[in-house]
Amino acid sequence: PVNAGESIAIGKAESRGIEIDVMTRLPGRVDVMFSYAYTDAYSATDVRDVDFGRVVSSGDPLINIPEHNLSLIATRNFQVAGRRLNVGGGVKYVSSRLVETGTNFFLPSYTLLRLFATYDFTKAFSVTAEVNNLTDKEYYPASFAALWVFPGAPRQYQARATYRF
């Protein structure tokens, strides 16, 4: 294309990697879910980006794809007043990602923490509360170009009620 902000076909892309997902129960009845992905995604051909006058070379990484992505969540159920209380926390890690093809501009890696709890008042009615981005980390999950970087959400508090019928 000859208009900035539009996409170009790079011809051919390849990716290789591995993904591991593990769910287990630790001593003390703590349930753990672990996920890890390694992704090597790159251009498999050379192409010239006419809008920015850059060459995307074979082997250049694709934009917005982290090489490492990790998630860990731990939960535990308790009985409180004869009802289930589920509490837990999690951590999410995302490694640096290329922002714009043909450049060396990468978004920094980030780690986010969250806490959550659900209480079942009855079989049909429960309340959930959670805090996302517990440490109020400034982070950037994605971008489309060096001039268009998407900021991540600040610390968030959420509560919701669920009624099942």
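Explain nothing, just compute: Karplus ³J(HN,Hα) = 6.51 cos²θ - 1.76 cosθ + 1.60, θ = phi - 60°, for every residue of the stretch 150-156 in order, whole Hz, x for Gly and Pro.
Along the stretch 150-156, the couplings run 8, x, x, 6, x, 3, 10 Hz.
Write down the accessible area per residue of the chain in Å², having rolled a 1.4 Å probe over the full set of protein chains.
Here the residues of the chain average 64 Å² of exposed surface.
Running Debye on the stretch 66-162 with equal point scatterers at the Cα sites and no solvent, what base-10 log of I(q)/I(0) appears at q = 0.15, 0.23 Å⁻¹?
So the normalised log intensities are -0.70, -1.12.
Under 5 Å between amide hydrogens, which residues at least 5 positions from ILE65 or on another chain qualify, with H placed 1.01 Å from N in the peptide plane?
LEU98
Pairs of alpha-carbon atoms within less than 8 angstrom and 6+ residues apart define the contacts here; what relative contact order does the stretch 9-54 have, in percent?
45 percent
How long are the semi-axes of the ellipsoid equivalent to the stretch 52-117, from square roots of 5 times the Cα gyration tensor eigenvalues, in whole Å, largest first?
Each semi-axis is the square root of five times an eigenvalue, giving 43, 9, 7 Å.
PHE106's amide H: which non-local residues (gap 5+, or another chain) put their own amide H closer than 5 Å, with H modeled 1.01 Å from N in plane and none for Pro or chain starts?
Result for PHE106 returns VAL99.
List every residue whose amide H lies under 5 Å from the amide H of PHE125, counting only residues 5 or more places away in sequence or on a different chain, with H placed 1.01 Å from N in the peptide plane.
Correct list: ARG164.
With the crude spin-label approximation of a point 7 Å out along Cα→Cβ, what separation in nm comes out for THR24 versus THR103?
4.2 nm
Calculate, in whole percent, how much of the Cα-Cα pair population of the chain lies beyond 29 Å.
Summing the P(r) of the chain above 29 Å gives 40 percent of all pairs.
When only C-alpha pairs under 8 Å and at least 6 residues apart count, what is the relative contact order of the stretch 123-165, in percent?
56 percent
Only Cα pairs under 8 Å and at least 6 apart count here; give the relative contact order of the chain as a rounded whole percent.
It comes to 15 percent, rounded to a whole number.
In debye, nearest 20, what is the charge dipole magnitude of the chain about its Cα centre with +1 on Lys and Arg Cβ and -1 on Asp and Glu Cβ, if you could check?
It comes to approximately 1140 debye.
For the chain, which whole-number percentage of the solvent-accessible area (1.4 Å probe, protein heavy atoms only) is attributable to carbon and sulfur atoms?
It is 59 percent, rounded to a whole number.
Please work out the C-alpha center-to-center distance from the stretch 107-129 to the stretch 21-96 and express it in whole Å.
If you average the Cα positions of each part, the centres end up 18 Å apart.
The values are calculated or read from the model by the stated rules, or taken from the named source; none is laboratory data. This is a predicted model, so every value here is computed, not measured. With ideal geometry, Cβ positions are generated from the backbone for all residues, glycine too; neighbour counts draw on all protein chains shown. Areas reflect the complete protein model, heavy atoms only, side chains present, ligands, DNA and RNA absent. Shrake-Rupley method; radii C 1.70, N 1.55, O 1.52, S 1.80 Å.
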